[in-house]
Amino acid sequence: MIRTIKETDAKAFLELCQTIDKETPNMLYEEGERVLTLEEQKEMIKHYLQQPNSTILVAEKDRKLLGYITATGETANRTKHTASISVGVLQASAGMGLGTRLFEKLEKWAKQAGIIRLELSVLSSNIPAIRLYRKMGFKIEGAKKGACMMDGVLYDDFFMSKLLKSTRYVKRHKQRQFSTY
């Protein structure tokens, strides 16, 4: 079942995130680096639930959290239609369509919340995630060179996005001259 997180999920959610951090090198935090207290986790969940353009959805089976997807909405008026995404699934539940279902449920929420643009970053080496994101309609917009370092090796981050509904969209702008300092 995919559902919106509740404050009472704080302990299970924190444990889920810490387990995923331990299982994969593809998340931002390394094992042991996520140092939220239970109270801080509860407050973070409460904050997300109070924001009309942010949410956390969790995948649950037999009362156990198996994965999550977060959408963090922007606050400035000109970017309130945008939400940044983070997603994580336990290794034991990977490859079973859970990521797809999380994204599908998130898109339904996003349309109701007035979100038009979803965006995320992903390690260029995380091929399974890139495949999922492309399957869900995300496109690579660019790369941040050497954005992540693991074991002394630099990795690029890809920026990906998806527009959920068509709206008036100006793609070309008058060329401007930019000066260098």
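Below is a table of values for the structure above.
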item	result
Which numbered condition D151 fails, given (1) over 26 Å from F13 (Cα atoms); (2) among the acidic types (D, E); (3) at pLDDT 95 or above	(3)
Those residues of region 77-103 which are out of contact with any strand residue (DSSP E or B) (no Cβ under 6 Å at 6 or more places or on another chain), surrounded by 13 or more Cβ atoms within 10 Å (Cβ to Cβ) and more than 21 Å from G137 (Cβ to Cβ), in sequence order	K80
Candidate set from region 16-35 (those that are among the aliphatic types (A, V, I, L, M) and assigned to a helix (DSSP H, G or I)); member that is nearest to G88 (Cα to Cα)	I20
Scan of region 45-79 for residues that are assigned to a loop (DSSP other than H, G, I, E, B) and within 15 Å of W109 (Cα to Cα), ordered by number	Q51, P52, N53, S54
Which listed residue is at pLDDT 95 or above and either hydroxyl-bearing (S, T, Y) or surrounded by 11 or more Cβ atoms within 10 Å (Cβ to Cβ) (or both), from K162, K145	K162
Out of E74, E119, E107, sole residue that is in contact (Cβ under 8 Å) with a residue 12 or more places away in the chain, open to solvent by 50 Å² or more (accessible area, probe 1.4 Å) and out of contact with any helix residue (DSSP H, G or I) (no Cβ under 7 Å at 6 or more places or on another chain)	E74
Members of region 87-139 that are of a type in the set (S, T, Y) and either at pLDDT below 95 or assigned to a loop (DSSP other than H, G, I, E, B) (or both)	S93, S124, S125
Residues within region 2-42 that are under 28 Å from I127 (Cα atoms), at pLDDT 95 or above and open to solvent by 90 Å² or more (accessible area, probe 1.4 Å), tallied	0
Tabulated pairs, region 127-140, first touching a residue at least 12 places away in the same chain (Cβ under 8 Å) and acidic (D, E), second surrounded by 14 or more Cβ atoms within 10 Å (Cβ to Cβ) and in a helix (DSSP H, G or I), C-beta under 8 angstrom, 6+ apart or interchain	none
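The values are calculated or read from the model by the stated rules, or taken from the named source; none is laboratory data. Worth saying up front: this structure is predicted, and the values here are computed from it rather than measured. Positions of Cβ are backbone-derived with ideal geometry, glycine not excepted, and every protein chain shown enters the neighbour counts. Side chains included, ligands, DNA and RNA excluded: accessible areas come from the protein's heavy atoms. Shrake-Rupley method; radii C 1.70, N 1.55, O 1.52, S 1.80 Å.
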